1. Using every alpha carbon pair in segment 123-258, what percent of pairs falls into each 10 Å bin from 0 up to the bin containing the largest distance?
2. How long are the three semi-axes of the equivalent ellipsoid of segment 199-258, in whole Å, if each is the root of 5 times an eigenvalue of the C-alpha gyration tensor, listed from largest down?
3. Students often check this: by mean Cβ neighbours within 10 Å, which of 159-169, 239-249, 217-227 ranks highest, and how do the rest follow?
4. Long-range amide H contacts for THR210: which residues qualify at under 5 Å (H placed 1.01 Å from N, peptide plane, sequence gap of 5 or more or a different chain)?
5. Take the alpha-carbon centre of segment 188-219, take the same for segment 83-141, and report the distance between them in whole Å.
6. Listing PHE90, PHE125 from the residue with the fewest other Cβ atoms within 10 Å to the one with the most, what is the order?
7. With a cut-off of 17 Å, note down the residues of segment 211-244 whose backbone N falls inside the zone around a label point 7 Å from the Cα of LYS151 toward its beta carbon.
8. Given 0.36 nm per residue, what is the gain on full extension from HIS111 to ASP85 after removing their alpha carbon distance, in nm?
Amino acid sequence: MKKKSSSFMGMSGTQVGILIGLAVIALFSICGVGWVLISMGSLVAGPVVSTALPLASPTVTAPAETATPEVTTAPTPPSTVAPPDGWVEFTAQGGGLWLPNSFVGGDMVAHKSEVISKVRQLGSFFKPIADAMKQPLANTVLWMVDKNKQKTPLVTTVIVRSINLPSDETIDKVILDYIANSNPPPTINGTKKLTILGREARRLSSQGITSTLDFSEIDYLIKDGDTYWIVSYVMSTAIYVDTLPMVEKSIQTFNISK
């Protein structure tokens, strides 16, 4: 087989690796600051983008008293949608989802070293991401990358985090804190109310620039009692439209195990 040239846009493989490493680290620094601060309980006030959802006040309803309480069974949340043929499941620490079989990665809690090794074996193009995986964002439980480069220097990435917050912390408040604590604040394209697995959820879409690379991000926030699941899909803006159908199918396969 003819060996492909190691140059990209006039740069050597090493130069491309360095550029990607800087882009990935900057990307996760921008999009992860809010979540890290939230998980550490040290929130810093900042500007709020006007497109964010308004803060909702929790409503508490006292249960009616009965002379003889009856034992009731909690309703079973709707099951996840069956994944398309050829997809693979990634699971870790109570949660999981499905992605096309071009994705590599997995459990960053119990099998971190193995996951990093798999990504590193994809070649020098993915080495910066493998290096970044050594010190992931706080509360990261899953990290996957698409081994198909999609004709863009920005690797399509999926990260799942699980953050414990007070049960009365609203999703709207979490989103506002995320935006306020991102530096610089992301450009928010929109938020949407959803129900995932019978639980309250939000879809937050944003975009920005890291180094010279345009990226788009879709974050799904799912409230599960005092646990917030954050599923983040990051891709080059150039392939956003083509990648969106995969994102929408993938989030429908998200599952929580107790």
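Quick note: the coordinates plus some simple rules give every number you see, no bench work behind them. Note that the structure is a prediction, hence the values are computed from the model and not measured. Heads up, the Cβs are rebuilt from the backbone with ideal geometry, glycines too, and the neighbour counts pull from every protein chain shown.
1. In order of increasing distance, the bins hold 10, 41, 37, 11, 1 percent.
2. 25, 13, 8
3. Order by mean packing, descending: 217-227, 159-169, 239-249.
4. HN-HN under 5 Å from THR210: PHE215.
5. 20 Å
6. PHE125, PHE90
7. Hits in segment 211-244 for LYS151 at 17 Å: 214, 236-244.
8. Here the segment from HIS111 to ASP85 would lengthen by 6.8 nm.
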